Amino acid sequence: MQRKIAIIGTGYVGLTTGACLSYLGHKVVFVDKDEDKINMLLKGEVPIYEPGVDDILEKHKDKISYTTDIEKAVKQSEVLFIAVGTPSGKDESIDMTFFRKAVKQIAENINSYKVIVNKSTVPVGTGEWTKEEIKKHYKGKFSVASNPEFLREGSAISDFLEPDRVVIGVSDKKAEEIMLDIYSSVKSKKLVTDIKSAELIKYTANAFLATKISFINEIANICEKVDGDVIKVAEGVGMDKRIGPKFLSAGIGYGGSCFPKDVEGLLSISNSYNHNFSLLRAVSDVNRRQQERFVEKIKSVLLKVKGDIVSVWGLSFKANTDDVRKSPAIFIVNELCREGIKVKAYDPIALNNAKKELPGSVCFCNSALEAVEEADVLALLTDWPEFSEIDLKQVKQKMRKHNIIDGRNHIDSEIAKNLGFTYKGTGR
Ligand code: UDX
């Protein structure tokens, strides 16, 4: 049945969630305290880059509205998804400021039965906390649920509509029925759990995926010492159904708004319960060292630090996104600039976001070929398809010296070597 749903927070998660829920037939009101964002959305502009979201918002606009008035949105909706940011705080703990504010505003405006759904990634126990907080202001009936998201930037729509599973954490039957009904036309398996387990599933999934990445990056580092090929090793290991081939691509490490935050978040949750999660601490340390190691690799091929030019392809944390949050590429370029190395950088869609995170000494280029002009080293940092399709002969003609350091094992090393490039991959 069509449900009346409020989405509180119009970032990557909120907009994707609301768009997909309207696609599933529900009435959706987006709420954000940021008037500029709401005004952009009212004009049909979408403040994030996520393929397909703008089309769905346009196609289902008869079911969608946008407002900064959370009171009205709470009163007119039956299900309230909280999708506000829960960023890393100063000490890498989880900053719950926006979340607490959203819960308080719900508590102050709730006027009838609602299901309050935590879509944001929140510490274990937040569901219970939300219940207690609302009870302080409202004596009527309501339910709380945890419905963690497993959306990857760049493929968020398909991850929402065709997920591996929908996790529904509830503590009462009515909330369970409503949540199952909301997702009834999503074919995937629904896993109903208690609220705390649902909250933990999200952190555990991201922390485990980050662990796979740091593990294969360490194997890549061993491959470099024994002259092995980590791509072959990952292929062979990934054929084991218990391991699987995904998230075994060695490179400069993981970034983004989730893995770094969720690894640190799970560590801070463990610490708060006096559990020393040493394995996960190592995952985070390996990821940082992988980026530092890559800077050393670039410096090792520069004849002289001053004067040489490094061309950088890719600034976002991965391909198909403009998001530069915790991007390893941003860390690497900042380190190169700190050492006085001249950097020419190109990214297909993240240049504007990257400019806010990088020093003015960086030369921002409008094409991959412009970025390699007169360069001594080409450092590939994100695996955009265009970077593996480019004509390396043209690249070679434009470069001063012919070094390629491939941070994502994305360029065909045989072609590069046959053209006379000195090619260094990651673990190969
Ligand atoms: C991730 C999770 O995949 C998603 O389920 C969760 O909801 C949010 O966080 P996202 O951060 O968008 O999604 O990107 P993802 O595709 O998972 O990549 C994360 C980082 O890991 C990127 O920096 C990527 O370059 C890196 N990565 C990924 C690797 O280095 N190697 C791999 O094999 C896979």
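The values are calculated or read from the model by the stated rules, or taken from the named source; none is laboratory data. Here the structure is a predicted model, which means the values were calculated and not measured. Ideal geometry is used to build each Cβ from the backbone, glycine not excepted, and the neighbour counts take in all protein chains shown.
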**OP:** Return the residue satisfying two criteria in turn: it lies in segment 238-284 and is in a helix (DSSP H, G or I) and aliphatic (A, V, I, L, M), and of such residues it is modelled with the lowest pLDDT.
**Re:** Ile269
**OP:** Tell me which of these Leu279 doesn't satisfy, since it passes every other one: (1) touching a residue at least 12 places away in the same chain (Cβ under 8 Å); (2) surrounded by fewer than 17 Cβ atoms within 10 Å (Cβ to Cβ); (3) more than 23 Å from Ile201 (Cα to Cα).
**Re:** (3)
**OP:** Just need a number here: residues in segment 345-357 that are under 21 Å from Asp376 (Cα atoms) and surrounded by fewer than 20 Cβ atoms within 10 Å (Cβ to Cβ).
**Re:** 0
Subject >> Ile213 vs. criteria of a type in the set (A, V, I, L, M), outside any loop (DSSP other than H, G, I, E, B) and either crowded, with 22+ Cβ neighbours inside 10 Å or not assigned by TED's automatic domain parsing to the domain that holds His410 (or both) >> reply: yes
Subject >> Selected residue (only one of Leu369, Leu336 is more than 16 Å from the ligand (Cβ to nearest atom), over 17 Å from Tyr423 (Cα atoms), buried (at least 20 other Cβ atoms within 10 Å of the Cβ) and in contact (Cβ under 8 Å) with a residue 24 or more places away in the chain) >> reply: Leu336
**OP:** Filter segment 299-323 down to residues that are away from the ligand (no atom under 11 Å from the Cβ), of a type outside the set (Lys, Arg) and surrounded by fewer than 24 Cβ atoms within 10 Å (Cβ to Cβ), then give me how many there are.
**Re:** 9
Original post:
Is there a residue being in contact (Cβ under 8 Å) with a residue 40 or more places away in the chain, within 24 Å of Ile219 (Cα to Cα) and aromatic (Phe, Trp, Tyr) anywhere in segment 385-394?
Top reply: no
Subject >> Scope segment 49-62; condition in contact (Cβ under 8 Å) with a residue 60 or more places away in the chain and buried (at least 19 other Cβ atoms within 10 Å of the Cβ); matching residues >> reply: Glu50, Val53, Ile56
Original post:
Filtering segment 140-159 down to residues that are polar (S, T, N, Q) and under 24 Å from Glu78 (Cα atoms), which residue is farthest from the ligand (Cβ to nearest atom)?
Top reply: Ser143
Original post:
So, in segment 372-393, of the ones that are aliphatic (A, V, I, L, M) and within 16 Å of the ligand (Cβ to nearest atom), which residue ends up farthest from Ala319 (Cα to Cα)?
Top reply: Ala379
